[in-house]
Amino acid sequence: MPKAEELESIEKVKGLQILNPQREAQAVDALAIVRRLLKAAEKSRKELVDPFNLKVKKINAAFDAMTKDLETANAMLTGSIRDWRESERQRIADEQARVARENAEREAAQKAETDRIAKEMAARTEIEAKAVGMTEADAQKLGVLVAQDEIAAITPAPVEIAPVQRGNVAHGDLASGHSQMPWAFEILDGSQVPVAYCSPDSKKIGEAVKAGVRDMPGVRIFQKKQIVTKMRS
C-alpha cells in the first residue's frame with residue numbers, strides 16, 4: 001500500500017506546472033513514486049488473481065479432456081449425416097434420371113410399334129375394301145378409321161413412377177435435424193485479398209521497428225521521447 005507521505009507527494013504535484021528546474025525535480029520524484037506504486041499494484045494484483053487463474057486453467061484442462069471426445073463425436077456424426085444425405089440425394093437423382101429415360105424409351109418403342117400396326121391395319125383394310133367394290137377414296141377412309149380403332153385398343157406402355165427427394169427434416173425420437181446452407185469462406189491467396197479486408201499486424205510491425213526497420217510503406221516510424229526514472233538507494 002502507498003505510504004502517507006507518498007500519497008501526499010503525489011497530491012502536491014497534481015496539475016503541477018513545470019516552470020523551473022526545482023519543479024522538474026519534484027515532478028521526477030513524483031513520477032518515480034507513481035511508477036513504483038504501479039509496479040507494486042500490478043504485483044499485488046497478480047498475487048490475488050494468479051491462484052484463480054491457476055484454478056481456471058485446471059478447470060479448462062479438465063473440460064478440454066471431456067469435450068475433446070464430444071467434439072470428435074459431433075464432427076463424426078455431422079459428417080456422417082451430411083455424407084449420407086448427399087449420397088441419398090444423388091441416388092434419388094440418378095434413379096429419377098433412369099426412370100425418365102426408360103419411360104421415354106418405352107413410350108418411343110410403343111409409338112413405333114403402334115404406328116407399324118396402324119399402317120398394316122390400314123393397308124389391309126383398304127385392300128379388302130377395294131376387293132368388295134369400294135372406291136379407292138372410301139377404302140382409304142375406312143382404313144384410317146379401322147387403324148384408329150386398333151390404336152385405341154392398344155394398352156399404353158407402363159409408366160414407372162420415379163422416387164421423390166426426401167424432405168429436409170429428419171425426425172428422431174428425441175430430436176429433429178435439418179440441413180442448411182450458410183455462406184462461408186476460405187482464403188486461397190492472401191495476397192489477392194482487398195486491403196479493405198486486411199488489418200495491419202501491430203505486433204509484427206513493432207518487432208520490425210525494434211529490430212532496426214526504419215522505413216515501411218504506410219507506416220510512420222519515429223522516435224518518441226520517454227522519461228526514465230531511477231529511485232535513489
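No value in this document is a laboratory result; all are computed from the given coordinates. Keep in mind that this is a model prediction, so the values were computed, not measured. In this analysis, Cβ positions are derived from the backbone assuming ideal geometry, glycine residues included, and neighbour counts consider all displayed protein chains.
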Scattering curve values for segment 129-233, log₁₀ I(q)/I(0), Debye with Cα scatterers, q = 0.16, 0.21 Å⁻¹: -1.03, -1.20
Dipole-positive endmost among L188, A131, Q17 within the chain (Cβ charges, Cα centre): Q17
Cβ charges +1 (Lys, Arg) and -1 (Asp, Glu), total dipole of the chain, debye: 3100 debye
Globularity ratio of the chain, using Cα Rg and 2.2 N^0.38 Å: 2.62
